[in-house]
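A.B. asks: Take this structure first; my questions come after.
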Amino acid sequence: GNSVTQMEGPVTLSEEAFLTINCTYTATGYPSLFWYVQYPGEGLQLLLKATKADDKGSNKGFEATYRKETTSFHLEKGSVQVSDSAVYFCALTSWNTGNQFYFGTGTSLTVIP
Amino acid sequence: KAGVTQTPRYLIKTRGQQVTLSCSPISGHRSVSWYQQTPGQGLQFLFEYFSETQRNKGNFPGRFSGRQFSNSRSEMNVSTLELGDSALYLCASIPGGVMNTEAFFGQGTRLTVV
């Protein structure tokens, strides 16, 4: 079946620190991979995506590379800011799941000044 | 382009009552999905509607139902509310013609059952 396993949180970092949030997946089809971000009291916002192996998604300084050999899609940012504090969700959808998304459990990130 | 609109934003209901939530997708999007988000279970898929037809359904009891109108707006209904139905309900809008594409989410409806 399809599933996403995400690094447990919460994660607390100092401003300008390096961020990595691990994400691995299991999929029966050919998935597209996503990172979504959720700010307090809000819905999910797309952060970045990758649709095939070796694609790199990037946005707002965040990056993630679709690694088929390790079934991973780790999120990285070189220098976090206080405004990056939020919950981050790794997700996949696949050609054989229609438009159903499978989400990880979410990782809460707090960045302190 | 307007985003996904969910109404109401907040609801308080009593056990045993029923509730209807509404979602207006992005103009031109024909697929609407619903998700339940709770601290314990995370994000769980409820169902997807495409062109007024339920195309996919998650593992929820029959108390949870939905429909989609010809203008793509969707409603979900929960009957005989239980305390465990307290959650953030998120609606996702997808163009519908292409698989493996991103979903656009609304801000959600926070349902509290007392």
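A.B. asks: Specify the inter-centroid distance of segment B:1-72 and segment B:73-93, based on alpha-carbon positions, in whole Å.
C.D. replies: For segment B:1-72 versus segment B:73-93, the Cα centre distance is 6 Å.
A.B. asks: Using only the Cα atoms, work out Rg/Rh for the protein assembly as shown, with Rh taken as the Kirkwood radius, to two decimals. Can you show the working numbers first?
C.D. replies: Details: Rg = 17.5 Å, Rh = 18.0 Å.
That ratio is 0.97, to two decimals.
A.B. asks: Give me the number: length gained by fully extending A:Tyr30 to A:Ala53, i.e. 0.36 nm times residue separation minus the C-alpha to C-alpha distance, one decimal in nm.
C.D. replies: Taking 0.36 nm per residue and subtracting the Cα distance, the gain is 7.3 nm.
A.B. asks: Calculate, in nm to one decimal, what B:Gln44 and B:Ser70 gain on full extension: separation in residues at 0.36 nm each, minus their alpha carbon distance. Present the calculation step by step, with values, prior to reporting the outcome.
C.D. replies: Details: separation 26, 0.36 × 26 = 9.36 nm, distance 2.58 nm.
Here the answer is 6.8 nm.
A.B. asks: Between A:Thr70 and B:Thr20, what is the label-point separation in nm under the 7 Å Cα-to-beta-carbon projection?
C.D. replies: So the two model labels end up 5.1 nm from each other.
A.B. asks: Related question: Taking amide H atoms as placed 1.01 Å from N in the peptide plane, list the residues 5 or more away in sequence, or in a different chain, whose amide H sits under 5 Å from that of B:Ser31.
C.D. replies: Long-range HN contacts for B:Ser31: B:Ile94, B:Gly96.
A.B. asks: Now a separate question. Once the mean 1/r over all distinct Cα pairs of segment B:2-84 is inverted, what Kirkwood radius in angstroms do you read off? Working shown, then result.
C.D. replies: Working: mean 1/r = 0.0743 Å⁻¹.
After inverting the pairwise mean of 1/r, the radius is 13.5 Å.
A.B. asks: Further, regarding this structure: Mind checking which lysines have their C-alpha under 17 Å from A:Lys68, skipping anything on the same chain fewer than 8 residues away?
C.D. replies: A:Lys49, A:Lys52, A:Lys56
A.B. asks: Follow-up question, since we're still on this one. Where does the Debye-calculated log10 I(q)/I(0) of segment B:42-114 sit at q = 0.12, 0.16 Å⁻¹, using only Cα point scatterers of equal weight, no solvent?
C.D. replies: -0.35, -0.62
A.B. asks: Below 8 Å, C-alpha to C-alpha, sequence gap of six or more: please give me the relative contact order for chain B in percent.
C.D. replies: Working: 292 pairs, mean separation 41.6, N = 114.
Answer for chain B is 36 percent.
A.B. asks: When the Cα atoms of segment B:32-79 are enclosed in a convex hull and the volume is divided per residue, what value in Å³ results? Before the final figure, lay out the partial values.
C.D. replies: Values: hull volume 3.4 nm³, N = 48.
Hull volume normalised by residue count: 70 Å³.
A.B. asks: Rank these by accessible area, largest first, 1.4 Å probe: A:Phe34, B:Phe69. Don't skip to the answer; put the middle values down first.
C.D. replies: Details: A:Phe34 0, B:Phe69 55 Å².
From most exposed to least exposed: B:Phe69, A:Phe34.
A.B. asks: Another question, if that's okay. For chain A, what is one quarter of the convex hull surface built on the Cα atoms, given in nm²?
C.D. replies: Details: hull surface 26.2 nm².
Result: a mean projected hull area of 6.6 nm².
A.B. asks: Could you please tell me the mean projected area of the C-alpha convex hull for segment A:30-88, averaged over all directions and given in square nanometres to one decimal?
C.D. replies: Numbers: hull surface 17.1 nm².
Across all orientations, segment A:30-88 yields a mean hull projection of 4.3 nm².
The values are calculated or read from the model by the stated rules, or taken from the named source; none is laboratory data. Everything quoted here is computed from the prediction, not taken from an experiment. Neighbour counts are summed over all protein chains in view; Cβ atoms, including those assigned to glycine, are modelled from backbone coordinates with ideal geometry. Surface areas here come from the heavy atoms of the whole protein model, side chains and all, with no ligands, DNA or RNA. Shrake-Rupley method; radii C 1.70, N 1.55, O 1.52, S 1.80 Å.
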